[in-house]
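The values are calculated or read from the model by the stated rules, or taken from the named source; none is laboratory data. Predicted model only: the values in this text are computed from it and were never measured. Note that we place each Cβ from the backbone using ideal geometry, even for glycine, and neighbour counts take in every protein chain shown. When the accessible area is computed, the model is the full protein with side chains, heavy atoms only, and any ligands, DNA or RNA have been set aside. Shrake-Rupley method; radii C 1.70, N 1.55, O 1.52, S 1.80 Å.
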Amino acid sequence: MRVSCRIVAEILLILAENVVPGVTTGSLNKIAEREAAKRKAVPAFKGYSGYKYSLCCSVNEQVVHGMPSSRVLLAGDILSLDFGVIVDGFYGDAALTVPVGNVTPSAQKLLQATEESLYAGIEAAQPMGRLSDISYAVQSYVESRGFSVVRDFVGHGIGRSLHESPQIPNYGQPGKGVKLKPGMVLAIEPMINEKGYEVEVLDDGWTAVTCDGGLSAHFEHTVAITDNGPEILTRV
Ligand code: MF3
Ligand code: CO
(Lines give C-alpha, C1' and ligand atoms only; values in the text may rest on other atoms or scores of the structure.)
(Ligands and ions follow the chains in the order given, each with its own letter.)
Protein backbone atom coordinates (compact mmCIF):
# COMPACT_ATOMS: atom_id res chain seq x y z
CA MET A 1 0.00 0.00 0.00
CA ARG A 2 2.96 2.33 0.48
CA VAL A 3 3.55 2.06 -3.26
CA SER A 4 -0.02 2.75 -4.39
CA CYS A 5 -0.44 5.53 -1.84
CA ARG A 6 2.79 7.27 -2.74
CA ILE A 7 1.76 7.29 -6.38
CA VAL A 8 -1.60 8.86 -5.46
CA ALA A 9 0.25 11.57 -3.54
CA GLU A 10 2.65 12.26 -6.42
CA ILE A 11 -0.18 12.58 -8.90
CA LEU A 12 -2.32 14.81 -6.69
CA LEU A 13 0.67 17.12 -6.33
CA ILE A 14 1.03 17.34 -10.10
CA LEU A 15 -2.70 17.95 -10.49
CA ALA A 16 -2.68 20.70 -7.87
CA GLU A 17 0.16 22.45 -9.73
CA ASN A 18 -1.99 22.42 -12.84
CA VAL A 19 -4.97 24.11 -11.20
CA VAL A 20 -4.95 27.64 -12.60
CA PRO A 21 -7.71 29.86 -13.95
CA GLY A 22 -8.66 28.75 -17.47
CA VAL A 23 -8.06 25.01 -17.22
CA THR A 24 -10.94 22.56 -17.51
CA THR A 25 -11.64 19.80 -15.03
CA GLY A 26 -11.63 17.37 -17.96
CA SER A 27 -8.01 18.28 -18.73
CA LEU A 28 -7.08 17.45 -15.12
CA ASN A 29 -8.68 14.02 -15.54
CA LYS A 30 -6.47 13.49 -18.62
CA ILE A 31 -3.36 14.45 -16.68
CA ALA A 32 -4.31 12.04 -13.89
CA GLU A 33 -4.68 9.18 -16.38
CA ARG A 34 -1.40 9.99 -18.12
CA GLU A 35 0.53 10.18 -14.86
CA ALA A 36 -1.02 6.94 -13.58
CA ALA A 37 -0.10 5.12 -16.79
CA LYS A 38 3.50 6.40 -16.55
CA ARG A 39 3.71 4.72 -13.14
CA LYS A 40 1.91 1.52 -14.20
CA ALA A 41 -0.86 2.29 -11.74
CA VAL A 42 -4.53 1.65 -12.48
CA PRO A 43 -6.96 4.47 -11.67
CA ALA A 44 -9.22 3.14 -8.91
CA PHE A 45 -12.41 5.11 -9.51
CA LYS A 46 -12.95 4.50 -13.23
CA GLY A 47 -15.56 1.78 -13.52
CA TYR A 48 -16.30 1.81 -9.79
CA SER A 49 -20.10 1.57 -9.47
CA GLY A 50 -20.31 2.80 -13.06
CA TYR A 51 -18.24 5.98 -12.47
CA LYS A 52 -16.76 6.99 -15.82
CA TYR A 53 -13.71 9.05 -14.81
CA SER A 54 -10.41 8.56 -12.99
CA LEU A 55 -10.66 11.75 -10.96
CA CYS A 56 -13.39 13.46 -8.96
CA CYS A 57 -13.41 17.26 -9.41
CA SER A 58 -15.80 19.04 -7.07
CA VAL A 59 -16.06 22.82 -7.52
CA ASN A 60 -17.29 25.33 -4.91
CA GLU A 61 -20.65 24.09 -3.52
CA GLN A 62 -19.96 20.59 -4.89
CA VAL A 63 -19.02 18.38 -1.94
CA VAL A 64 -17.68 15.19 -3.53
CA HIS A 65 -17.99 13.06 -6.69
CA GLY A 66 -18.05 16.00 -9.13
CA MET A 67 -17.36 14.73 -12.63
CA PRO A 68 -14.59 16.08 -14.86
CA SER A 69 -16.05 18.03 -17.78
CA SER A 70 -15.46 20.95 -20.14
CA ARG A 71 -16.08 23.29 -17.20
CA VAL A 72 -13.44 26.01 -17.08
CA LEU A 73 -12.06 26.84 -13.64
CA LEU A 74 -12.20 30.51 -12.74
CA ALA A 75 -10.17 32.60 -10.29
CA GLY A 76 -11.99 32.51 -6.97
CA ASP A 77 -13.22 28.92 -7.35
CA ILE A 78 -12.16 26.20 -4.96
CA LEU A 79 -11.58 22.72 -6.40
CA SER A 80 -11.56 19.41 -4.57
CA LEU A 81 -9.46 16.75 -6.29
CA ASP A 82 -10.06 13.15 -5.21
CA PHE A 83 -7.95 10.39 -6.75
CA GLY A 84 -7.10 6.74 -6.16
CA VAL A 85 -5.03 4.01 -7.81
CA ILE A 86 -4.50 0.28 -7.63
CA VAL A 87 -1.00 -1.23 -7.72
CA ASP A 88 -0.56 -5.00 -7.43
CA GLY A 89 -4.10 -5.29 -6.07
CA PHE A 90 -3.65 -2.69 -3.35
CA TYR A 91 -5.51 0.62 -3.27
CA GLY A 92 -4.53 4.13 -2.32
CA ASP A 93 -6.98 7.04 -1.97
CA ALA A 94 -6.50 10.71 -1.15
CA ALA A 95 -8.03 14.12 -1.77
CA LEU A 96 -7.29 17.79 -1.31
CA THR A 97 -8.97 21.09 -2.01
CA VAL A 98 -7.07 23.88 -3.70
CA PRO A 99 -7.83 27.51 -4.47
CA VAL A 100 -8.05 28.58 -8.12
CA GLY A 101 -6.12 31.85 -8.26
CA ASN A 102 -7.07 34.14 -5.40
CA VAL A 103 -10.05 33.14 -3.27
CA THR A 104 -11.98 34.95 -0.54
CA PRO A 105 -10.66 34.95 3.03
CA SER A 106 -13.62 32.82 4.09
CA ALA A 107 -12.82 30.22 1.43
CA GLN A 108 -9.19 30.21 2.62
CA LYS A 109 -10.38 29.64 6.17
CA LEU A 110 -12.58 26.74 5.07
CA LEU A 111 -9.68 25.05 3.24
CA GLN A 112 -7.36 25.51 6.19
CA ALA A 113 -9.89 24.27 8.75
CA THR A 114 -10.72 21.22 6.65
CA GLU A 115 -7.08 20.24 6.18
CA GLU A 116 -6.37 20.78 9.87
CA SER A 117 -9.42 18.68 10.82
CA LEU A 118 -7.97 15.83 8.76
CA TYR A 119 -4.73 16.09 10.75
CA ALA A 120 -6.72 16.18 14.00
CA GLY A 121 -8.50 12.98 12.89
CA ILE A 122 -5.21 11.32 11.92
CA GLU A 123 -3.65 12.22 15.26
CA ALA A 124 -6.58 10.46 16.96
CA ALA A 125 -5.98 7.23 14.98
CA GLN A 126 -3.87 5.64 17.73
CA PRO A 127 -3.43 1.93 18.40
CA MET A 128 -5.75 0.85 21.25
CA GLY A 129 -7.98 3.88 20.67
CA ARG A 130 -11.47 3.54 19.25
CA LEU A 131 -12.75 4.34 15.78
CA SER A 132 -14.97 7.21 16.89
CA ASP A 133 -12.02 8.97 18.50
CA ILE A 134 -11.23 9.97 14.90
CA SER A 135 -14.81 11.14 14.29
CA TYR A 136 -14.86 13.18 17.46
CA ALA A 137 -11.50 14.80 16.77
CA VAL A 138 -12.61 15.93 13.32
CA GLN A 139 -16.01 17.22 14.43
CA SER A 140 -14.82 19.13 17.46
CA TYR A 141 -12.07 20.82 15.45
CA VAL A 142 -14.40 21.76 12.60
CA GLU A 143 -17.18 23.09 14.79
CA SER A 144 -14.72 25.13 16.87
CA ARG A 145 -13.89 26.91 13.63
CA GLY A 146 -17.55 27.58 12.85
CA PHE A 147 -17.95 25.12 9.99
CA SER A 148 -20.10 21.99 9.68
CA VAL A 149 -19.42 18.31 9.10
CA VAL A 150 -21.13 16.48 6.23
CA ARG A 151 -23.03 13.46 7.58
CA ASP A 152 -24.02 11.66 4.39
CA PHE A 153 -20.52 10.54 3.35
CA VAL A 154 -17.87 8.84 5.45
CA GLY A 155 -14.28 7.65 5.42
CA HIS A 156 -13.52 3.96 5.14
CA GLY A 157 -11.15 1.10 5.57
CA ILE A 158 -9.03 0.48 2.46
CA GLY A 159 -6.73 -2.30 1.28
CA ARG A 160 -7.50 -4.87 -1.39
CA SER A 161 -10.74 -2.95 -2.04
CA LEU A 162 -11.38 0.78 -2.24
CA HIS A 163 -14.05 0.65 0.42
CA GLU A 164 -13.60 -1.79 3.29
CA SER A 165 -15.07 -1.75 6.76
CA PRO A 166 -15.19 0.16 8.99
CA GLN A 167 -17.09 3.22 7.84
CA ILE A 168 -15.62 6.34 9.47
CA PRO A 169 -18.10 9.13 10.16
CA ASN A 170 -16.55 12.56 10.69
CA TYR A 171 -18.80 13.29 13.67
CA GLY A 172 -19.71 11.51 16.91
CA GLN A 173 -18.80 10.92 20.53
CA PRO A 174 -15.33 9.46 21.32
CA GLY A 175 -14.61 5.97 22.66
CA LYS A 176 -17.06 4.06 20.46
CA GLY A 177 -16.76 1.62 17.57
CA VAL A 178 -14.03 -0.89 16.80
CA LYS A 179 -10.71 -0.85 18.60
CA LEU A 180 -7.95 0.58 16.43
CA LYS A 181 -5.12 -1.89 15.93
CA PRO A 182 -1.72 -1.84 14.27
CA GLY A 183 -2.08 -3.09 10.71
CA MET A 184 -5.40 -1.38 10.02
CA VAL A 185 -5.40 1.05 7.11
CA LEU A 186 -8.01 3.79 6.99
CA ALA A 187 -9.00 6.44 4.47
CA ILE A 188 -9.88 9.41 6.68
CA GLU A 189 -11.73 12.07 4.73
CA PRO A 190 -13.53 15.01 6.29
CA MET A 191 -15.99 16.77 3.98
CA ILE A 192 -16.69 20.18 5.52
CA ASN A 193 -19.27 22.82 4.64
CA GLU A 194 -19.04 26.56 5.09
CA LYS A 195 -22.71 26.77 6.15
CA GLY A 196 -25.16 23.91 6.87
CA TYR A 197 -24.14 20.26 6.72
CA GLU A 198 -27.03 19.12 4.51
CA VAL A 199 -26.12 17.81 1.07
CA GLU A 200 -28.02 16.39 -1.90
CA VAL A 201 -27.01 14.39 -4.96
CA LEU A 202 -27.79 15.96 -8.35
CA ASP A 203 -29.79 14.19 -11.07
CA ASP A 204 -26.53 13.02 -12.68
CA GLY A 205 -26.50 10.44 -9.86
CA TRP A 206 -23.03 11.45 -8.61
CA THR A 207 -22.41 15.10 -7.87
CA ALA A 208 -23.09 15.85 -4.20
CA VAL A 209 -23.74 19.55 -3.49
CA THR A 210 -24.55 21.60 -0.41
CA CYS A 211 -28.28 22.24 -0.04
CA ASP A 212 -27.72 25.91 0.87
CA GLY A 213 -25.18 26.63 -1.88
CA GLY A 214 -22.36 27.28 0.62
CA LEU A 215 -18.82 26.19 -0.21
CA SER A 216 -17.53 22.72 0.66
CA ALA A 217 -14.00 21.34 1.08
CA HIS A 218 -12.56 17.81 1.23
CA PHE A 219 -9.19 16.49 2.38
CA GLU A 220 -8.32 12.78 2.56
CA HIS A 221 -5.31 10.63 3.43
CA THR A 222 -4.84 6.89 3.51
CA VAL A 223 -3.37 6.22 6.96
CA ALA A 224 -1.83 3.05 8.42
CA ILE A 225 -2.09 2.43 12.14
CA THR A 226 1.26 1.19 13.43
CA ASP A 227 2.65 0.33 16.87
CA ASN A 228 4.13 3.83 16.87
CA GLY A 229 0.89 5.58 15.93
CA PRO A 230 -0.66 6.73 12.66
CA GLU A 231 1.48 6.78 9.50
CA ILE A 232 0.25 8.80 6.52
CA LEU A 233 0.81 6.69 3.42
CA THR A 234 -0.47 9.16 0.78
CA ARG A 235 2.56 11.38 1.07
CA VAL A 236 5.53 11.93 -1.26
N1 MF3 B 1 -12.37 9.07 -2.34
C2 MF3 B 1 -13.71 8.69 -2.71
C3 MF3 B 1 -14.16 7.60 -1.78
O4 MF3 B 1 -13.40 7.19 -0.99
C5 MF3 B 1 -13.78 8.36 -4.14
C6 MF3 B 1 -14.86 7.48 -4.60
S7 MF3 B 1 -15.41 8.04 -6.13
C8 MF3 B 1 -15.92 6.68 -6.98
O9 MF3 B 1 -15.24 7.16 -1.76
F10 MF3 B 1 -16.17 7.07 -8.16
F11 MF3 B 1 -14.99 5.80 -6.98
F12 MF3 B 1 -17.00 6.20 -6.40
CO1 CO C 1 -12.01 7.67 0.13
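Observations on the structure shown:
- Three-way shape call for segment 83-169 based on the alpha-carbon gyration tensor, with the a/c threshold at 1.5: oblate
- For segment 18-153, a/c is not less than 1.5, where a ≥ b ≥ c are the root eigenvalues of the C-alpha gyration tensor, and a/b does not top b/c. That puts it in the oblate class.
- Rounded to the nearest 20 debye, dipole of the chain from Cβ charges on Lys, Arg, Asp, Glu: 640
- Glu61 accessible area, assembled protein chains, probe 1.4 Å, Å²: 60
- Charge tally around Leu215: other residues with Cβ under 13 Å, Lys/Arg +1 each, Asp/Glu -1 each, net -2.
- The 1.4 Å probe gives accessible areas that order Tyr51, Tyr136, Tyr91, largest first, as Tyr136, Tyr91, Tyr51.
- Neighbourhood net charge (15 Å Cβ-Cβ; Lys/Arg +1, Asp/Glu -1) for Glu198: -3
- Each other residue within a Cβ distance under 12 Å of Leu28 adds +1 if Lys or Arg and -1 if Asp or Glu, for a net charge of -1.
- For segment 29-117, the number of Lys pairs separated by eight or more positions or lying on different chains, with C-alpha atoms closer than 30 Å, is 8.
- Helix-only CD estimate at 222 nm, as mean residue ellipticity for the chain, using -39500 (n - 2.57) per DSSP H run (n ≥ 4): -9000 deg cm²/dmol
- Taking the Cα centre of segment 128-221 as reference, the dipole from Cβ charges on Lys and Arg (+1) and Asp and Glu (-1) amounts to some 680 debye.
- With the convex hull drawn around the C-alpha atoms of segment 2-232, the volume per residue stands at 108 Å³.
- Per-residue 3J(HN,Hα) values for segment 12-21, derived from phi via the Karplus relation 6.51 cos²θ - 1.76 cosθ + 1.60 with θ = phi - 60°, read 4, 5, 4, 4, 4, 5, 8, 7, 9, x Hz in sequence order (x marks Gly and Pro).
- Positive-end extreme of charge dipole, the chain - chosen from Pro127, Ile192, Gly205 (charges on Cβ): Pro127
- Whether segment 114-236 is rounded, prolate or oblate, judged on the alpha carbon gyration tensor where a/c under 1.5 counts as rounded: prolate
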